[in-house]
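The values are calculated or read from the model by the stated rules, or taken from the named source; none is laboratory data. The structure displayed is predicted, hence computed values, not measured ones. Using ideal geometry, Cβ is built from the backbone for each residue, glycine included, and neighbour counts are taken over all protein chains shown. Calculation scope for accessible area: heavy atoms of the full protein, side chains included, ligands and nucleic acids excluded. Shrake-Rupley method; radii C 1.70, N 1.55, O 1.52, S 1.80 Å.
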Amino acid sequence: MVRFKNRWLLVEFLPVPAPVPGRASAAQQEITSKQIWAALKQSVITHFGDTGWGAVGSSLTIKYFSPRTNLCIIRVARDPHKIAWASVTLMNAIDGRRYIPHVVHVSGTIKQAQLAAIRHNREIVARYRARAKLPAGYQDSYEEYLQTSAQEIEALQD
């Protein structure tokens, strides 16, 4: 029996602010994992052609996406993972909205991707709190979000 070996990409999609004040409402719409998958597919086809999509397409899945932090876990086969990584890096828009993809972590196991995602979620929430200049003991909805997102991420199966 042969085991399928995968790579797990932890990607954060940073929204680009709209230059025109009237388009701010379009940038506030949430993206979904299906839209990310479709944009990633289009990026692979555009930059690597049908051969690149043939190598990546059968194993490419979006395992987790958080619309609140725009954090995504992508699974891809081990051999063509660099094609997927490059395609994520070369993406500039998802469903017509501009995003800057930031590959935070690449791992060989889902467990390490989960730990990196939980750690990164905590960093993002710390940034939000620092930006809001909240006191250390202040309770907000982010505590609940951190607990629920950690449970969701830990529940992921290979």
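Condition first: open to solvent by 40 Å² or more (accessible area, probe 1.4 Å) and in a loop (DSSP other than H, G, I, E, B). Now tell me which residues in the range 30-53 satisfy that. Passing the criteria: Glu30, Thr32. All conditions in (1) open to solvent by 20 Å² or more (accessible area, probe 1.4 Å); (2) touching a helix residue (DSSP H, G or I) at 6+ places or on another chain (Cβ under 6 Å); (3) under 17 Å from Glu12 (Cβ atoms) hold for Asn92, with the sole exception of (2). Residues that are in contact with a Ser or Thr (Cβ under 7 Å, 6 or more places away or on another chain), without any contact (Cβ under 8 Å) to a residue 40 or more places away in the chain and surrounded by 13 or more Cβ atoms within 10 Å (Cβ to Cβ) do not occur anywhere in the range 70-78.
Against the criterion of being among the hydrophobic types (A, V, I, L, M, F, W, C) and surrounded by 19 or more Cβ atoms within 10 Å (Cβ to Cβ), Val56 qualifies. Candidates in the range 129-158 are the residues that are in a loop (DSSP other than H, G, I, E, B) and open to solvent by less than 100 Å² (accessible area, probe 1.4 Å); of these, the one that is modelled with the highest pLDDT is Ala155.
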